[in-house]
Every structure is written in structure tokens, then in C-alpha cells.
Amino acid sequence: MLTAEQLTKRYGRLTAVDDVSFGVRPGVVTGFLGPNGAGKTTILAMLAGLVRPNSGRVLLGGTPLRERPPEARTLGVAIEACGAHPGRSARQHLRILAGFARLPQTRVEEVLALAGLTEAAGRRVGTFSLGMRQRLGLAAALLGDPEVLLLDEPANGLDPEGIRWLRTLLRERAERGRAVLVSSHLLSEAAHTVDEVIVVSQGRVVHAGTIADLTPAGGVWIRTGDPGPLIEAVARAGGRVTPDRAGGRYLVEGLDAPALADLARRARVDLHELTPQTTSLEDGFLKLIGRQS
Ligand SMILES: Nc1ncnc2c1ncn2[C@@H]1O[C@H](COP(=O)(O)OP(=O)(O)OP(=O)(O)O)[C@@H](O)[C@H]1O
């Protein structure tokens, strides 16, 4: 379990991260969503112990990061570039990291295979595409088979097959009881991969929960030749009615379609239309981060 407690980070006058708290649970892939500049990378860097917060703290397995720095077996991190020397091969790079972390060299071949880099392992990293560098960064993060994995935009530069591979890999880790936090600025991409989401906007957490919760409850459109009695009945039942004069219909909020049908029947009003309003996941997300769709 990795916990952020009231993290705040300022750069000069800019408060990039403002009192952020959340938990990343084992057995769950948590998506970390927000528009560009929302503060995702800064938060991930604080979680990894790479950036020091102005206030707040990070707990890993209940212990503050400052008291016990993370090691490869507890925390795997892939933020920004993979950091490999362009003149080294992928295998050499991983062997060096494994040596620093006192991990067996046999683990290098395992993570190369996991990342789909076995064939390219002898090539110089300088010749790698962005997608291959992403895979190498992920391989490095996986070296210690860590309890918690933090990945910043790992899908960047991956082709559709690579994205499918990444999803499977993250899901398998969660199924093995590991915790995964994966950032993305694309909801559509995250929706396929994650169980839960933390949404940040302007340095603050604006939503923490399931993806389904991002979809706001919509209203119901009704159309009828005799609206008066039905509008009265809706108001008595606690619903709100907004007329759409141009379309000749009404948007009812606070009551669902079956309840409205029931009210109409009892008020002896013929309904010509009864349509639940559909709001997409993307609409909910954009609303949450303060953008119009
Ligand atoms: N080292 C720094 N010095 C000054 N400002 C910074 C620094 N790092 C980040 N910022 C600022 O903090 C804010 C949050 O940036 P951050 O990179 O964490 O956002 P992000 O959500 O990861 O965005 P992106 O997806 O574009 O990387 C931005 O306004 C950014 O300009």
C-alpha cells in the first residue's frame, strides 16, 4: 500500500500540487488522470521519493518514505525517459541496474522477456524508438518485481499491439496482488485498463473512485401534447423540469424513466417521448476537470 498524505509542492509562486491525499491499493490498477500540467508527474515523483514535498508525506507499507527509502523490491518507477546511456545495450543497462539493486542477473533476462525486448536486448539504446524506450523503462521498473509500480504515461509511443501488451501486463500484476498506479491524460485509454481512478486538475484531486462514477447521472427527456398535469406531478414528486422550447420537449432531473412513465400513466397523460439523457464518460471527465465537451 502506498499512501499520499496532504502532499503540497510549490515551484516559486506556483502551487503545482495542493494538499493531495490518496491511497494506491494492492491488487488494483489505479489510473492517474488529468489534463497536461495538472500535476501528475510532480505527484508521481514525490511518491517515488524523487521530489521532496513542501509539506505532507508519503507512506510505503505504513512507513514514511523519508525514514526508509524505497528499494527495487518494494517500489518500481518509470517516470519520463528511461535514463539509459545511448551507447549501452538494453541488456547492459539492466545488468547495471540489477547490480546496484543487488538483484540476480537472471532477473535481467526475465524482465527483457516481460517487456518484449529479448530480440533487441543487444542493440544500443540510442537506436531505440520511443516505444522501445518505454518498454525498457518498464523492464527496469519491474526488475525487483516490486510491490508497487508507478508509471508515468507508459502508453506514449506504443503502437496498438504495444498498448494491448501493456494492459495485459498491468492486469496480471494486479491479479498477483501488486499495486499499480499508471498516469494518462487520455481517459479512453485508461478506461480499458484500470479498476479505479484518481483524477487531478490544477494540482488537486477532484475525483477518487471507479471509472463508472465519472459518468454523472443524466436526466430524462419527455415530450407530450399536454404537459401541464405532468409537470405538476413531477414537481410534487420532487423532480425538476427544464423546458427545451425549440425542441418542444422537457428535461426532467431527479426522477428516472420508469418513475416518470408511472407518473404519466396516473396523470392520464400520453407520452410521445421518454428518453434517458446519455452522458458519456468523456463528458463526465471533461466536466470534472472544468472543460466543456
Ligand atoms: N521543476 C519545475 N519547476 C517549475 N515548475 C514546474 C516544475 N515541474 C513542474 N512544474 C509545473 O508544475 C505544474 C504541474 O506539472 P506536471 O508536469 O506535474 O503536470 P502533469 O500533469 O504531469 O502534466 P504533463 O502531462 O504535461 O506532464 C505545471 O504547471 C508545470 O509547469
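Some values worked out for this structure:
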| item | result |
| --- | --- |
| Every residue from region 26-44 that is more than 12 Å from the ligand (Cβ to nearest atom) and of a type in the set (A, V, I, L, M, F, W, C) | Val28, Val29 |
| Qualifying position, being touching a residue at least 24 places away in the same chain (Cβ under 8 Å) and within 30 Å of Gly62 (Cβ to Cβ), among Gly209, Gly162, Gly144 | Gly144 |
| Test: residue in region 189-202 that is more than 30 Å from Arg73 (Cα to Cα) and part of a helix (DSSP H, G or I) | no |
| Qualifying positions in region 247-278 - assigned to a loop (DSSP other than H, G, I, E, B) and more than 13 Å from Trp221 (Cβ to Cβ) | Gly254, Ala267, Arg268, Val269, Asp270 |
| Residue check for Gly83: within 16 Å of the ligand (Cβ to nearest atom) and at positive phi | no |
| Boolean, Leu47 is modelled with pLDDT of 95 or more, within 30 Å of Ser129 (Cα to Cα) and more than 11 Å from the ligand (Cβ to nearest atom) | yes |
| Residues of region 240-281 satisfying the condition of being touching a Leu at 6+ places or on another chain (Cβ under 6 Å) and under 27 Å from Ser188 (Cβ atoms) | Leu281 |
| Search result, residues across region 189-207 that are within 16 Å of the ligand (Cβ to nearest atom) and of a type in the set (S, T, N, Q) | Ser201, Gln202 |
| Residue list for region 1-25, restricted to those being open to solvent by less than 10 Å² (accessible area, probe 1.4 Å) and within 9 Å of the ligand (Cβ to nearest atom) | Val17 |
| Failed item in (1) open to solvent by 10 Å² or more (accessible area, probe 1.4 Å); (2) under 17 Å from the mean Cα position of the chain (by Cα); (3) under 30 Å from Ala16 (Cα atoms); (4) of a type outside the set (Lys, Arg), with Thr168 passing the rest | (3) |
| Selected residue (criterion: surrounded by the most Cβ atoms within 10 Å (Cβ to Cβ)) from residues of region 191-221 that are β-branched (Val, Ile, Thr) and touching a Ser or Thr at 6+ places or on another chain (Cβ under 8 Å) | Val194 |
| Pairs with Cβ under 9 Å, 6+ apart, first in region 237-249 and assigned by TED's automatic domain parsing to the domain that holds Ala267, second open to solvent by less than 50 Å² (accessible area, probe 1.4 Å) and of a type in the set (Asp, Glu) | Arg249/Glu273 |
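The values are calculated or read from the model by the stated rules, or taken from the named source; none is laboratory data. Quantities reported herein were computed from a predicted structural model and do not represent experimental measurements. Backbone-built Cβ (ideal geometry, glycine too); neighbour counts: all protein chains shown. Surface areas here come from the heavy atoms of the whole protein model, side chains and all, with no ligands, DNA or RNA. Shrake-Rupley method; radii C 1.70, N 1.55, O 1.52, S 1.80 Å.
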